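Here is the structure we will look at, set down as structure tokens.
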Amino acid sequence: MDYTEKVLEHLKNPRNTGRIEDADGVGNVGSPVCGDVMKIYIKVKDNIIEDVKFETFGCGAAIATSSVLTELVKGKTIEEAEKITNKDVVAVLGGLPPVKMHCSVLAEDGLKAAIADYRRKKGAGGKGEGS
Ligand code: FES
């Protein structure tokens, strides 16, 4: 498998793995291509993603892309974070083999699902802003 140095580095040392127990949003997604699954947790304060973690039961590329994704979204506003696409993640990694592109899509989908869950909870009268 032709992984770049950057992919291998994230694979050996993934950032922000684990779960956030009191997360404000959780995205739980599965890839239709391979059946691998990923969960992204976000903690939001004043519209800023203060913390983000992931759990992935998937391949190496899924781990590397989620690791980069968490680095990209931390400290961003919700609106900035939802503009991040799998292409941004792949660019940071210096590319992915074509058969592994769907793994980066899983990371993007996981983030979008976490943001949607956050909005749903907030809209449902969850913890308001700034609490
Ligand atoms: Fe399924 Fe990578 S092979 S996420």
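The values are calculated or read from the model by the stated rules, or taken from the named source; none is laboratory data. The structure displayed is predicted, hence computed values, not measured ones. With ideal geometry, Cβ positions are generated from the backbone for all residues, glycine too; neighbour counts draw on all protein chains shown. What goes into the accessible areas is simple: the full protein's heavy atoms, side chains included, and nothing from ligands, DNA or RNA. Shrake-Rupley method; radii C 1.70, N 1.55, O 1.52, S 1.80 Å.
With the requirement that a residue be in a strand (DSSP E or B) and loosely packed, with under 14 Cβ neighbours inside 10 Å, what does the range 29-53 give you?
Result: K45, E50.
If the condition is being open to solvent by less than 60 Å² (accessible area, probe 1.4 Å) and farther than 17 Å from H10 by Cβ, then the range 54-82 contributes G75, T77, I78, A81. Among the residues making up the range 1-28, those that are within 16 Å of the ligand (Cβ to nearest atom), surrounded by fewer than 15 Cβ atoms within 10 Å (Cβ to Cβ) and free of Cβ contacts under 8 Å to residues at least 60 places away in the same chain are L8, T17. Scanning the range 83-95 for residues that are out of contact with any Asp or Glu (no Cβ under 9 Å at 6 or more places or on another chain) and surrounded by 19 or more Cβ atoms within 10 Å (Cβ to Cβ) gives V90, L93.
So, of the residues in the range 29-53 that are within 8 Å of the ligand (Cβ to nearest atom) and more than 13 Å from the chain's Cα centre (by Cα), which turns out to be nearest to K12 (Cα to Cα)?
Step one: of the range 29-53, the residues within 8 Å of the ligand (Cβ to nearest atom) are 31, 33-36, 38.
From what's left, more than 13 Å from the chain's Cα centre (by Cα): 31, 33-36.
On the way: S31: 23, V33: 24, C34: 22, G35: 23, D36: 19 Å.
Once the filter is applied, the top-ranked residue is D36.
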